[in-house]
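The values are calculated or read from the model by the stated rules, or taken from the named source; none is laboratory data. No experiment lies behind these values; they were computed from the predicted model shown. Note: ideal-geometry Cβ built from the backbone for every residue, glycine included; neighbour counts use all protein chains shown.
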Amino acid sequence: MIFKKNIIYLVLAAVLSTITVAQKYQSDNLDGTYTNPVIAADFPDPDVIRVNDTYYMITTTMFVFPGVTVLKSKDLVNWEYCSNAVPRFDFSPCYNLDGCNRYGKGQWATSLKYNNGKFYLLFITLDEGGFICTSDKAEGPWEIRNLPKGFYDPGLFFDDDGKIYVAHGYGTIYITELNPDFSPKGDDVQVYKGDLRGGLEGTHVYKINGLYYLYCTYGGLAGMQVALRSKNIYGPYEQKLLINELTYGPNYGIHQGALIETQTGEWWTILFVDSGPFGRFPSLQPVTWTDGWPMIGIDSKAVTKYRKPNVGKEYPAAIFPTSDEFNGSELPMQWGWNHNPDPEQWSLSENPGFLRLKTVRVVDSLQKAPNMLTQRIFAHYSDSVISYGTTKINTENMKDGDIAGLAVFQNPYGFVGIKRYGGKDYIIMSNNGKTIDSVQIDKSTVYFRAGAFYGSGAAKLYKGNAVPETGTAFFQYSLDNKTFYDIGNKLEMSFSLKVFTGNKFCLFNFATKQTGGYADFDWFRTDAGFM
């Protein structure tokens, strides 16, 4: 067993703790400008609408529930959680990790619409088909219904004459008229075959000045955004390349999203950028209409720092919540479970002020462990590119074979945790299922920390040069929350399509021998300082 202190990380953490106040956590620069990404975290495949003076955004959450996350904003820059439209997804045992899983699958590329006083969310899962969620309020509650047919990357559209359509497809785009119950009224009609390269997708539909626009992407890391335009919903359509941003930085390959008109008549678009291990970040770009085409950015280049949209008044800056003392009766909306949770095996009330995670079933790896609680890792708008997660755990009620701790989860994944084995407790660091390091302890309270270095995959966020640690995570532990010790090795984070979400901080407790044990998590905090 190895017991070591990593001086580099201790000094770095101590320095960062003195500049936490100077770190910038939000896009709003507080001077009438904002900086992209407009949200520095994994909120991919955005669709955005305005209802009166409020903007709403839907994004992809895949296999995380509560999920199908709806955000809201007053100015397109400062966003906050509004609702998680789908509390759990009970349409396959795979969403319970019951002998199978839905990593890399689940809900994605949802279309968000508002029509005649009702909100609509239309999405597909590759295995379970199409779904429609409806609500009178964006805050919910939402009703969900499985549809007789699913549509790939659907773009729902309510026309002026009361007819309902959906645009959909990959490579080839189709239009299908729908019945009021969202079943197909007729056949799929091919309206356009992508010809710039393969992979035309992510279609959203708009009717502007009497013309139909299909707002689409040729996706991928080096994505591009296009519009198709026609006088008739069924075409013929002409195509226009709107942006193909290949400058390395925070807007490289920007694509797939929504067109938005503000209440003052300005036009904007929110697209996303593949941003490395942390996931896919939304970016807010100005739109200028030229010859009837919505051209993106300024002089065909995406903006990084730019003036905020004119929405008629100013609104305060907003920061997404991350830390949690577990003092409430419900989990805040930043949390989501890895697949459906077992509601009988976790609690905020059995030990008030703590999150109690009970073991659910005997498993042989973290990927199969039910009731793993996750949240997105946010990058910072500052010179610091380290995002921290720290938690305090009481382990006295764990059973032999149990493992509880803090993970950075994608494929590969890593974690630092406590393992009870043969009546003794060991702090272990695991890198993608392999135990790298272990330390025996004799205390029932332990603190775990993970630090993740942001890496965009194309370049560091705002500095021109990459840093050696870009895209890696490290793990530490403490017995007093003052001195933290490095354990194991660095996790080389990735954005693998086998998972298809950004790396997340995760709290977990799973059994390898028997069920019946539990661990109590006192808090989870994300600032750099020692608390």
*Could you check, for region 435-444, whether at least one of its residues is touching a Pro at 6+ places or on another chain (Cβ under 8 Å) and at pLDDT 90 or above?*
no
*Inside region 472-531, can you point out the residues that are of a type in the set (S, T, N, Q), closer than 18 Å to Trp337 by Cα and touching a Leu at 6+ places or on another chain (Cβ under 8 Å)?*
Asn509
*Odd one out for Glu330, checked against (1) in contact with a Phe, Trp or Tyr (Cβ under 8 Å, 6 or more places away or on another chain); (2) over 30 Å from Cys216 (Cα atoms)*: (1)
_Return the residues of region 299-333 that are within 12 Å of Leu284 (Cα to Cα) and either surrounded by fewer than 17 Cβ atoms within 10 Å (Cβ to Cβ) or not hydrophobic (A, V, I, L, M, F, W, C) (or both); say none if nothing qualifies._
Thr304, Lys305, Tyr306, Arg307, Lys308, Pro309
*Could you grab me the full set of residues in region 35-56 that are part of a strand (DSSP E or B) and within 17 Å of Ser275 (Cβ to Cβ)?*
Thr35
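May I ask you to list the residues in region 484-531 that are of a type in the set (S, T, N, Q) and surrounded by fewer than 22 Cβ atoms within 10 Å (Cβ to Cβ)?
Scanning region 484-531 gives Asn489, Ser494, Ser496, Thr512, Gln514, Thr515, Thr526.
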*Name every residue in region 359-376 that is over 19 Å from Asn431 (Cα atoms), hydrophobic (A, V, I, L, M, F, W, C) and in a loop (DSSP other than H, G, I, E, B), in order of residue number.*
Val360
*strands (runs of 3 or more DSSP E) wholly inside region 406-449 containing at least 3 residues that are within 30 Å of Ser494 (Cβ to Cβ), free of Cβ contacts under 8 Å to residues at least 24 places away in the same chain and under 24 Å from the mean Cα position of the chain (by Cα)*: none
*Within region 145-168, how many residues turn out to be closer than 13 Å to Ser111 by Cα and either among the acidic types (Asp, Glu) or assigned to a loop (DSSP other than H, G, I, E, B) (or both)?*
5
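To keep it simple, each residue is scored yes or no on (1) in the same structural domain as Phe65 (by TED's automatic domain parsing); (2) among the hydrophobic types (A, V, I, L, M, F, W, C); (3) farther than 22 Å from Met62 by Cβ.
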| site | (1), (2), (3) |
| --- | --- |
| Ser349 | no, no, yes |
| Pro352 | no, no, yes |
| Thr359 | no, no, yes |
| Ala369 | no, yes, no |
| Arg376 | no, no, no |
| His380 | no, no, yes |
| Ile393 | no, yes, yes |
| Met398 | no, yes, yes |
*With Tyr218, Tyr234, Tyr212 as the choices, which residue is touching a Lys or Arg at 6+ places or on another chain (Cβ under 6 Å) and not assigned by TED's automatic domain parsing to the domain that holds Val385?*
Tyr218
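I'd like to verify a number: residues in region 366-384 that are out of contact with any Ser or Thr (no Cβ under 7 Å at 6 or more places or on another chain) and farther than 18 Å from Gly488 by Cα, how many?
The initial filter retains those residues of region 366-384 that are out of contact with any Ser or Thr (no Cβ under 7 Å at 6 or more places or on another chain), namely 366-374, 376, 382-384.
Then keep just the ones that are farther than 18 Å from Gly488 by Cα; that gives 367-374, 376, 382-384.
Of the residues in that region, 12 qualify.
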*If we keep just the residues of region 400-439 that are among the small types (Gly, Ala, Ser) and more than 20 Å from Asp520 (Cα to Cα), which is surrounded by the most Cβ atoms within 10 Å (Cβ to Cβ)?*
Gly414
*Inspect all residues belonging to region 142-157 and state whether any of them is surrounded by fewer than 18 Cβ atoms within 10 Å (Cβ to Cβ) and more than 23 Å from Arg102 (Cβ to Cβ).*
no
*acidic (Asp, Glu), closer than 30 Å to Tyr174 by Cβ and not assigned by TED's automatic domain parsing to the domain that holds Asn509: does that describe Asp324?*
no
_Criterion violated by Thr288 - all others in (1) of a type in the set (Val, Ile, Thr); (2) at pLDDT below 95; (3) not in a loop (DSSP other than H, G, I, E, B) satisfied_ = (2)
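Results for (1) in contact (Cβ under 8 Å) with a residue 12 or more places away in the chain; (2) under 27 Å from Tyr174 (Cβ atoms), shown as yes or no for each residue.
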position	(1), (2)
Asn232	yes, yes
Asn244	yes, yes
Leu259	yes, yes
Gly265	no, no
Lys305	yes, no
Val311	yes, no
*Do we have any residue at all in region 324-334 that's outside any loop (DSSP other than H, G, I, E, B) and of a type in the set (A, V, I, L, M, F, W, C)?*
no
*Consider only pairs whose beta carbons are under 9 Å apart and that are at least six residues apart or on different chains; among these, list those whose first residue lies in region 100-113 and is in contact (Cβ under 8 Å) with a residue 24 or more places away in the chain and whose second residue is basic (Lys, Arg) and not in a loop (DSSP other than H, G, I, E, B).*
Asn101/Lys368
*Identify all residues within region 185-199 that are more than 29 Å from Ala222 (Cβ to Cβ) and of a type in the set (Lys, Arg); write none if there are none.*
Lys185
*Search region 481-498 for residues being in contact with a strand residue (DSSP E or B) (Cβ under 8 Å, 6 or more places away or on another chain) and assigned to a loop (DSSP other than H, G, I, E, B), and hand back the single one that is nearest to Arg280 (Cα to Cα).*
Phe495
*asked:* Here are the criteria: (1) surrounded by fewer than 23 Cβ atoms within 10 Å (Cβ to Cβ); (2) under 19 Å from Trp108 (Cα atoms); (3) among the aromatic types (Phe, Trp, Tyr). Tell me which single one Tyr215 does not satisfy.
replied: (1)
*asked:* Please verify whether Asp383 is acidic (Asp, Glu) and either modelled with pLDDT of 95 or more or buried (at least 20 other Cβ atoms within 10 Å of the Cβ) (or both), treating the condition exactly as stated.
replied: no
